[in-house]
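Read the structure below first, then the notes.
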Amino acid sequence: MFIVREEVSITTNSSGVGTGSTKAVNGRILSIQYVKTDFATGVDFTITTSETSRGVWAESDVNASAIRAPRQACHSILGAALNYNDESNEPVVDYINVANESIDIAVASGGSGKVGTFYVEIEGS
C-alpha cells in the first residue's frame, strides 16, 4: 500500500465561489486538510466524488485551517444501517473508497479573489 497526497489550490471569483478537483484517484480517503491562506471567515465547503457524487466533507462557517478524516456509514446486505449495538445506535463507519474518480471541492462565501489550499490523502494499493 502507498499514500498519495493530492494538492488542490482554489481561488474564488468576485462572488466568493471557487472550485477545484484532484486528478482521478483510486483507494480510500484517509483525510482532507484545509490550509487557510486568506479565505474569508465563515467559508463553506462541499467536497464530493466526481462520478458517484458521494459526500466526503460538507461544512459551513469554517474560520481556520482544519483536518477531517471522513467516514461513511456501513450497511448490511439487506441495506439496513449497521450499529455497534442495539442500545447505543452508534453507526459502524468505514473509509470512503474511490475508484478512478476525482475529488471535487466547491467553496462558497470565501470572499472575492481569495485563496485556500486542500490536501487530500488517499491510501491505494
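The values are calculated or read from the model by the stated rules, or taken from the named source; none is laboratory data. Since the model is a prediction, treat every value here as computed from it, not as a measurement. Ideal geometry is used to build each Cβ from the backbone, glycine not excepted, and the neighbour counts take in all protein chains shown.
Could you please let me know if residue 35 is within 14 Å of residue 121 (Cβ to Cβ) and of a type in the set (Val, Ile, Thr)? Against the criterion (within 14 Å of residue 121 (Cβ to Cβ) and of a type in the set (Val, Ile, Thr)), residue 35 qualifies. State whether one or more residues within the range 18-29 are of a type in the set (A, V, I, L, M), part of a loop (DSSP other than H, G, I, E, B) and touching a strand residue (DSSP E or B) at 6+ places or on another chain (Cβ under 8 Å). The answer is yes; a qualifying residue exists. In this structure, residue 87 does satisfy being part of a loop (DSSP other than H, G, I, E, B), more than 22 Å from residue 121 (Cα to Cα) and charged (D, E, K, R). Just one residue in the set 50, 14 is modelled with pLDDT of 95 or more, farther than 16 Å from residue 119 by Cα and more than 14 Å from the chain's Cα centre (by Cα); that residue is 14. Taken over the range 82-125, the residue count meeting the criterion of being more than 21 Å from the chain's Cα centre (by Cα) and within 22 Å of residue 10 (Cα to Cα) is 2. Listed by first and then second residue, the pairs with beta-carbon distance under 6 Å, at least 6 apart or on different chains, first residue in the range 89-118 and at pLDDT 95 or above, second acidic (Asp, Glu) and outside any loop (DSSP other than H, G, I, E, B), are 108/44; 109/44. Please list, ordered by first then second residue, the pairs with beta carbon atoms under 7 Å, 6 or more apart or interchain, first in the range 42-67 and outside any strand (DSSP E or B), second among the hydrophobic types (A, V, I, L, M, F, W, C). As it stands, the answer is 54/96; 65/35, since those pairs meet every condition given. For the range 61-78, does any single residue satisfy the condition of being surrounded by 12 or more Cβ atoms within 10 Å (Cβ to Cβ), under 10 Å from the mean Cα position of the chain (by Cα) and of a type in the set (Val, Ile, Thr)? Within the range 61-78, none of the residues are surrounded by 12 or more Cβ atoms within 10 Å (Cβ to Cβ), under 10 Å from the mean Cα position of the chain (by Cα) and of a type in the set (Val, Ile, Thr).
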